[in-house]
Amino acid sequence: VIWMEMKAVVFCTGLMLLFAWLSPSQALYFHIGETEKKCFIEEIPDETMVIGRYRTQLWDKQAGSFLPSTPGLGMHVEIKDPDAKVILSRQYGSDGRFTFTSHTPGEHQICLHSNSTKMALFAGGKLRVHLDIQVGEHTNNYPEIAAKDKLTELQLRARQLLDQVEQIQKEQNYQRYREERFRMTSESTNQRVLWWSIAQTIILIITGIWQMRHLKSFFEAKKLV
């Protein structure tokens, strides 16, 4: 019995690690200037919620480090879907949170730039932006869900696993969608190459016939044949 329980614990741990590895969540920071725009590409399945959180820091020459930015400094966030349609365009403060739901699978473009026009706010032109993007089940606040629905720890774990399985299904559907698009592109390319080869062959045959007729006419004119 103890051995079976240990196997079950190892299996559950491995499953959770697999889900954690597959979970799309990323955090980073970058530097931008006053008029500079930074864009990121995120591959997102359809009907998937995305939450982005950011905070800005300004370079302080006296302190020699980045400090929290002033309240007058904000960021403009613009998000485009794979069809280049703007699904979110909004001004935020120095610290902000944006949310959107994808309706088309594919590469979504997330762009940020400062909405400030005063160089005085940029000490030395250095602005650091910390960005955290969470996709899928990672957007859920499970402690809040547990408190609201009065779930036990086991029920909450089951809810998390169900959400993760649903997200994995969406990822699999997206991969199948990408595979289908790649197959269609490959078939279209192969068909074009085939028709181009046929066109080249026809052109060579026509050119050869024309050269033979031209040479025959030349030899007849010179009375060589």
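Of all residues in the stretch 170-225, those being over 30 Å from Met49 (Cα atoms) and either in contact with a strand residue (DSSP E or B) (Cβ under 7 Å, 6 or more places away or on another chain) or in a helix (DSSP H, G or I) (or both) number 36. Just one of (1) open to solvent by 30 Å² or more (accessible area, probe 1.4 Å); (2) closer than 18 Å to His138 by Cβ fails for Ser89. It is (2). Scanning the stretch 142-173 for residues that are within 24 Å of Pro45 (Cα to Cα), open to solvent by less than 80 Å² (accessible area, probe 1.4 Å) and over 23 Å from the mean Cα position of the chain (by Cα) returns Tyr142, Ile145, Ala158, Gln160, Leu161.
Of the residues making up the stretch 106-142, those that are hydrophobic (A, V, I, L, M, F, W, C) and modelled with pLDDT under 75 are Met119, Ala120, Leu121, Phe122, Ala123. Scanning the stretch 43-62 for residues that are open to solvent by 60 Å² or more (accessible area, probe 1.4 Å), over 30 Å from Glu166 (Cβ atoms) and not basic (Lys, Arg) returns Trp59, Gln62. Filtering the stretch 66-82 down to residues that are in contact with a strand residue (DSSP E or B) (Cβ under 8 Å, 6 or more places away or on another chain) and farther than 21 Å from Glu36 by Cβ, which residue is surrounded by the most Cβ atoms within 10 Å (Cβ to Cβ)? Only one residue tops the list, namely Asp81.
Out of everything in the stretch 92-113 that is out of contact with any Asp or Glu (no Cβ under 9 Å at 6 or more places or on another chain) and of a type in the set (S, T, N, Q), what residue ends up being surrounded by the most Cβ atoms within 10 Å (Cβ to Cβ)? Among them, the one singled out is Ser94.
The values are calculated or read from the model by the stated rules, or taken from the named source; none is laboratory data. From a predicted model like this one, the values you see are computed outputs, not experimental measurements. Glycine gets a Cβ as well: all are built from the backbone with ideal geometry, and neighbour counts include every protein chain shown. Surface accessibility is based on the protein's heavy atoms, side chains included, excluding ligands, DNA and RNA. Shrake-Rupley method; radii C 1.70, N 1.55, O 1.52, S 1.80 Å.
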